[in-house]
Amino acid sequence: MKITSAEFITSAVKQTHYPQAPLPEVAFAGRSNVGKSSLINTLVNKKHLVKTSSRPGRTQTLNFFLINNKVSFVDLPGYGFAEVPLKIRAQWKEMVEGYLRGRQSLRLVVILLDIRRAPSADDASLIRWLEAAAIPFLVVLTKADKLSKDRRAAALRTIGEILEPEAETPIVLFSAVTGEGADAIWSWIRAVSQGERRVA
Ligand SMILES: Nc1nc2c(ncn2[C@@H]2O[C@H](COP(=O)(O)OP(=O)(O)O)[C@@H](O)[C@H]2O)c(=O)[nH]1
Ligand SMILES: [Mg+2]
């Protein structure tokens, strides 16, 4: 994908602060430290559009970006960080579920999972929740460079079976180090940006 522009628009915690007149939107979700900022930066060919953090679990806002004046990206706050107190978790849930449910321009949620780990209860519950809300999603396995080809194939099978024993979940392998998978993710984004959102 040729990137002509990629810029930060705004941070928001509630609906009245979201950007208006929105373009087709893609949201990125995953547990803290999974590689979400690195994925977005790779997709837009910018090293520092989104801050990569050595202090995970800090960002508790929805961050909106405008790409090529055509599609909007939303960096959702990371979840599943053990030290986050219950009160903050409840706020996360309210903020993120409110966004996912209410955002008419949302076309796709990209769910990031670390290829080396089994999906957590939080990962699984997000996926079940999106299915129930009929919101399209794509699973991206991050940090693929950390595994050999054989171990990647095994991880792909195992994670696929855990997430969706019966149906086919779309899963893309990705590495921010090699850029592998970025084109495939852009193909999905392009496809959904052109279509209408499924309605529950
Ligand atoms: N080897 C490798 N490291 C990665 C990859 N993606 C992210 N990381 C590292 O994982 C850590 C967390 O990345 P970050 O993008 O900040 O994660 P976020 O908290 O989900 O936004 C950083 O140290 C990154 O350099 C990847 O594809 N390969
Ligand atoms: Mg981040």
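Brief remarks on what is shown
- Computed about its Cα centre, the charge dipole of the chain is approximately 520 debye, with only Lys, Arg, Asp and Glu carrying charge at their Cβ.
- Computed E for Thr169/Arg190 - FRET, C-beta separation, R0 25 angstrom, nearest 0.05: 0.80
- Extension gain for Glu7-Glu94 works out to 28.7 nm (0.36 nm per residue, less the C-alpha to C-alpha distance).
- Radius 10 Å from Cβ of Val74, net charge of other residues (Lys, Arg +1; Asp, Glu -1): -1
- All distinct Cα pairs of the chain go into the 1/r average, and the inverse of that average, the Kirkwood radius, is 17.1 Å.
- Which of Ser105, Ser5 has the fewest Cβ neighbours within 10 Å, and the rest in rising order: Ser5, Ser105
- For the pair Thr158 and Thr61, a Förster radius of 45 Å applied to the C-beta separation gives a FRET efficiency near 0.85, rounded to the nearest 0.05.
- Label-point separation, Thr16 to Thr178 (7 Å along Cα→Cβ), nm: 4.9
- Inverse mean reciprocal Cα-Cα distance (Kirkwood Rh) of the stretch 67-173, Å: 15.3
- Net charge contributed by nearby residues that have their C-beta within less than 14 Å of Ser5 (K/R +1, D/E -1): +2
- Electrostatic tally near Ser37: other residues with Cβ closer than 10 Å to its Cβ, Lys and Arg +1, Asp and Glu -1, net +1.
- Approximate shape of the stretch 1-114 as ellipsoid semi-axes (Cα gyration tensor, √5λ), whole Å, largest first: 22, 18, 11
- Dipole check for the stretch 1-114: with +1 at the C-beta of Lys and Arg, -1 at the C-beta of Asp and Glu, and the Cα centre as origin, the magnitude is about 80 Debye.
- Across the stretch 81-139, Cα-Cα pairs more than 17 Å apart make up 45 percent of the total.
Quick note: the coordinates plus some simple rules give every number you see, no bench work behind them. Everything numeric in this text was worked out from a predicted model, so none of it was measured. Please note: Cβ atoms are built from the backbone with ideal geometry, for glycine as well, and neighbour counts cover all protein chains shown.
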